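What follows is a short report on a single structure.
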Amino acid sequence: MMSAITHHTPDEMLAAYAAGTLPHVFAVVVASHVSICVDCRAALGAHQAVGGAILEGAGKVAVSGGLKANVLASLDARHTPEPVFRRSGIYPGPVMSALNGRQPRWRKLGMGVRQDILSTGNDGSVRLLYIPPGQAVPDHGHNGLELTLVLQGSFSDETGRFGVGDMEIADEELDHTPVADAGDPCICLAATDAPIRFRAFVPRLLQPLFRI
Amino acid sequence: MEGSGTSTDGPEISEQTAWMIAVRDNRDRAAFSVLFDFFAPRLKGFVIRAGSSSEQAEEIVQDVMLTVWRKAASFDPHRAQVSAWIYQIARNRHIDIIRKERRPLPDELETQAEAEPDSSQIIAIEQESTRLKTALGRLSAEQREMIEKAYLGELTHREISDQTGLPLGTIKSRIRLGLDRLRHELQGLR
């Protein structure tokens, strides 16, 4: 399954994900892409191997005397593991985790387009987008970086076609108009590190209300 | 006890991997204890380099080593060396503790329960790791420093991208060789 993924996570982004320096909203998208892309899972494994080699070569600093005894004494301590959210339908684990296990609650954006904001904060926002076939995501530019991962259906824009598992990376340079292809509605996971400037149906003044 | 395995005739699974398998399959405390002795001082040095105080570093080392024990079931030597697996746990826990947010993690692959370990595959992964260490050792001091910064979490993805001309490019060719094998292994699991 999914062997047709042609748009991948760039290597430096995987390295930053492994090292933990990717902003949270992008990490949600990268973790989701790795969940469904064998190539990027392998590439992430390679970066973890580099990290492991650096860890093994790290200068040793003696730990204090009681630390090991503490750890050994804690091995049997009762421990409640963090909840693990597994893939549900088209939504990979990291999306289910961001949804806290619930199904999406779609809010209308106009023209049949719907969204569910998973998280929004100082480092940007990450949301699910639902776009009916043939419908355009309104013409928008970005102030920063935007990652879009297709979870269902497909869309096309000036740069190509993006199907299930494909990830599009757009920056300030790209002024694009993604249009959902015929077939199933297109459902995407999209993250930005800055507010998107929609030009068409949501006037700029209303953007704070929609949090886009 | 420096984990490079005793090789009498031909390569064998490294001590580290053997210890980790014993922890995973037998909840072996003696194996965990030697694993602790090997990794705890390195983890502390690593976390301090990544910007933690000595006190906080110990908190993170403790947390990481406990996580190694608790999550041992998800260690799969066919896909990752012990150090790579612990590296990711260390970065995850460091970030969870410092930023107090839950880091998004990929879905775990189903491990083949009851499957016989394939020692040739495990050794192949370890050999890639050894070659990777050799490749890292051949870098110039500045290049090595840059790589370390990236994987210690001191560079953003944009900074890494800006630096790719030098060190990442050098080790990338090394990484690529290991990728095909790993990819093949992962595809077999789908």
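The values are calculated or read from the model by the stated rules, or taken from the named source; none is laboratory data. This one's a predicted model, so the numbers in the text were calculated from it and none came from an experiment. FYI the Cβ positions are ideal-geometry reconstructions off the backbone, even for glycines, and counts take in every protein chain you see. These accessible areas exclude ligands, DNA and RNA; they are computed on the full protein's heavy atoms, side chains included. Shrake-Rupley method; radii C 1.70, N 1.55, O 1.52, S 1.80 Å.
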Examine segment A:15-37 for a residue that is over 14 Å from residue B:95 (Cβ atoms) and free of Cβ contacts under 8 Å to residues at least 12 places away in the same chain, and state whether such a residue exists. no
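Residue-by-condition table, conditions (1) of a type in the set (Gly, Ala, Ser); (2) facing chain B (nearest Cβ under 8 Å):
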| residue | (1), (2) |
| --- | --- |
| A:14 | no, no |
| A:31 | yes, yes |
| A:42 | yes, yes |
| A:46 | yes, yes |
| A:49 | yes, yes |
| A:52 | yes, yes |
| A:63 | no, yes |
| A:66 | yes, no |
| A:75 | no, yes |
Only one of B:190, B:102, B:158 that is open to solvent by 80 Å² or more (accessible area, probe 1.4 Å), within 30 Å of residue A:98 (Cβ to Cβ), in a loop (DSSP other than H, G, I, E, B) and modelled with pLDDT of 65 or more: B:102
Scanning segment A:90-131 residue by residue, those open to solvent by 30 Å² or more (accessible area, probe 1.4 Å) and in contact with a Gly (Cβ under 9 Å, 6 or more places away or on another chain) turn out to be A:103, A:130
Only one residue in B:68, B:61 is in a helix (DSSP H, G or I), buried (at least 23 other Cβ atoms within 10 Å of the Cβ), of a type outside the set (Ser, Thr, Tyr) and facing chain A (nearest Cβ under 7 Å), so which one is that? B:61
Could you count how many residues in segment A:16-29 are more than 7 Å from chain B (Cβ to nearest Cβ) and in a helix (DSSP H, G or I)? 4
Evaluation of residue A:188 against (1) at pLDDT 90 or above; (2) outside any strand (DSSP E or B) (one fails), failing number: (2)
Name the residues in segment A:157-173 that are surrounded by fewer than 16 Cβ atoms within 10 Å (Cβ to Cβ) and in contact (Cβ under 8 Å) with a residue 24 or more places away in the chain, would you? A:160, A:171, A:172
